[in-house]
Amino acid sequence: MLTRFAPSPTGLLHLGHAYAAVYAYDMAEENGGRFYLRFEDIDTTRIRSEFYLAIEQDLAWLGVQWDGTPIRQTDRLPIYQEALEELRSLGVIYPCFCTRREIQKEIEVMGNAPHGPEGAHYPGTCRALTSSEREDRINAGDTHCWRLDTRLAAKQTGSLVFEDEFEGQVVVDAHLLGDVVLARKDITTSYHLAVVIDDAFQKITDVTRGADLLASTHVHRTLQKLLALPAPHYHHHRLILDTHGKRLAKRNDALTIRSLRELGKSPTEVIDMLA
Ligand code: GLU
């Protein structure tokens, strides 16, 4: 059993992260497996260099020990680029030149734009461009991201399922999040593409993460099929909520592992809080 914890170094770990880390670590430990640490650091405007070490220190303090050297997604950009090229040769992605504002406007004009669990879907404006229009705009240096054409993708994959520890067998709805971005304008990847490539690269057998990412797994399973990658078993565990019933976010400073430690809590007390 190979599991992983994949934080973004955009802030200190809070109790929600600790729950995810301990969950993955314990599972590997109990099954004689391995537990890896991966920094999902492609959001280069939000990451801060000091958080890599701070995260490692907080995990070590909690007694969570990872195997091998942690990987960083920013070291792996050419690998994501290759996968993107593969998807391009399958004809299942398209360049999108829309700005955020244009997308917003188009959604307003449509009135009843399709929505998913993460809000309005991309309205599909650039899906309608011809291949020569696409080429011309790329050659003209127009900035663009790359989106999954969920209709063409679903046609290629046929019906799919994934297995989740809590939800059982889930039938994939490739359209759930619409035509998601697979490579952002500024970088050759996005969360969805990188996580799929890295889970396969690290041979993760069990992906453990918060229930808020369940919808994303529909996209991930689709990408795995297109790229001929294995499907791990999933554990979308419950989220830790604050006293208002909201999921913890980076703004819940009081619940960072660092501040609990500074308040004099022991690692065992923090682990007990998670339980
Ligand atoms: N990087 C994501 C986070 O910080 C985790 C994504 C995942 O585990 O797949 O929440």
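The values are calculated or read from the model by the stated rules, or taken from the named source; none is laboratory data. For clarity, every value in this text was computed on a predicted model and none was experimentally measured. We place every Cβ from the backbone using ideal geometry, glycine too, and count neighbours over all the protein chains shown. For accessibility, only protein heavy atoms count, side chains too; no ligands or nucleic acids. Shrake-Rupley method; radii C 1.70, N 1.55, O 1.52, S 1.80 Å.
In the set Ala54, Ala28, Ala18, which member is open to solvent by less than 50 Å² (accessible area, probe 1.4 Å) and under 18 Å from the mean Cα position of the chain (by Cα)? So that I can check it myself, show each step before the final result.
Details: Ala54 fails: under 18 Å from the mean Cα position of the chain (by Cα); Ala28 fails: under 18 Å from the mean Cα position of the chain (by Cα).
None of the others qualify; the one that does is Ala18.
Let me confirm something: among Glu135, Glu165, which residue is surrounded by fewer than 18 Cβ atoms within 10 Å (Cβ to Cβ), farther than 19 Å from Ile197 by Cβ and in contact with a strand residue (DSSP E or B) (Cβ under 8 Å, 6 or more places away or on another chain)? Talk me through it step by step, then tell me what you get.
Numbers: Glu135 fails: in contact with a strand residue (DSSP E or B) (Cβ under 8 Å, 6 or more places away or on another chain).
Only one candidate qualifies: Glu165.
State which residue pairs qualify: first residue touching a residue at least 24 places away in the same chain (Cβ under 8 Å) and inside the range 133-161, second residue open to solvent by 50 Å² or more (accessible area, probe 1.4 Å) and charged (D, E, K, R) in any location, beta carbons under 6 Å apart, and separation of 6 or more residues or different chains.
Final answer for the pair search is Thr143/Lys185; Cys145/Arg184; Cys145/Lys185; Thr157/Lys225; Leu160/Lys225.
Pick out the one residue from Thr99, Thr150 that is surrounded by 13 or more Cβ atoms within 10 Å (Cβ to Cβ) and either more than 21 Å from the chain's Cα centre (by Cα) or not aromatic (Phe, Trp, Tyr) (or both).
Details: Thr99 fails: surrounded by 13 or more Cβ atoms within 10 Å (Cβ to Cβ).
The unique qualifying residue is Thr150.
Of all the helices (runs of 4 or more DSSP H) wholly in the range 145-226, which have at least 2 residues that are among the hydrophobic types (A, V, I, L, M, F, W, C) and within 16 Å of the ligand (Cβ to nearest atom)? Give the derivation first.
Numbers: elements: 150-157, 191-201, 214-226.
Those helices (runs of 4 or more DSSP H) span 191-201, 214-226.
Which residues, taken from the range 227-251, are within 11 Å of the ligand (Cβ to nearest atom), in contact (Cβ under 8 Å) with a residue 60 or more places away in the chain and under 22 Å from Met1 (Cα atoms)?
Those that are within 11 Å of the ligand (Cβ to nearest atom), in contact (Cβ under 8 Å) with a residue 60 or more places away in the chain and under 22 Å from Met1 (Cα atoms): Tyr234, His235, His236, His237.
Leu239 is checked against (1) open to solvent by less than 10 Å² (accessible area, probe 1.4 Å); (2) assigned to a loop (DSSP other than H, G, I, E, B) and fails just one. What number does that condition carry?
In the conditions (1) open to solvent by less than 10 Å² (accessible area, probe 1.4 Å); (2) assigned to a loop (DSSP other than H, G, I, E, B), Leu239 misses (1) alone.
Only residues that are open to solvent by 50 Å² or more (accessible area, probe 1.4 Å) and either of a type in the set (A, V, I, L, M, F, W, C) or in a helix (DSSP H, G or I) (or both): list them for the range 118-132, please.
Taking the range 118-132 as the starting set, the residues that turn out to be open to solvent by 50 Å² or more (accessible area, probe 1.4 Å) are 118, 125, 127-128, 130-132.
Correct list: Thr125, Arg127, Ala128, Ser131, Ser132.
Yes or no: Asp142 more than 22 Å from the chain's Cα centre (by Cα) and open to solvent by less than 80 Å² (accessible area, probe 1.4 Å)?
Details: more than 22 Å from the chain's Cα centre (by Cα): yes; open to solvent by less than 80 Å² (accessible area, probe 1.4 Å): yes.
So Asp142 fits the description; yes.
Just checking, how many residues over the range 241-273 are under 13 Å from Leu13 (Cα atoms) and either in contact with a helix residue (DSSP H, G or I) (Cβ under 7 Å, 6 or more places away or on another chain) or at pLDDT 95 or above (or both)?
Here is the first cut: in the range 241-273, the residues under 13 Å from Leu13 (Cα atoms) are 248-261, 270.
From what's left, either in contact with a helix residue (DSSP H, G or I) (Cβ under 7 Å, 6 or more places away or on another chain) or at pLDDT 95 or above (or both): 248, 253, 255, 257-261, 270.
Here the count works out to 9.
Test Gly141 against the stated conditions and say whether it is more than 13 Å from the ligand (Cβ to nearest atom) and either modelled with pLDDT of 95 or more or outside any loop (DSSP other than H, G, I, E, B) (or both).
Numbers: more than 13 Å from the ligand (Cβ to nearest atom): yes; either modelled with pLDDT of 95 or more or outside any loop (DSSP other than H, G, I, E, B) (or both): yes.
For Gly141, the condition - more than 13 Å from the ligand (Cβ to nearest atom) and either modelled with pLDDT of 95 or more or outside any loop (DSSP other than H, G, I, E, B) (or both) - is met.
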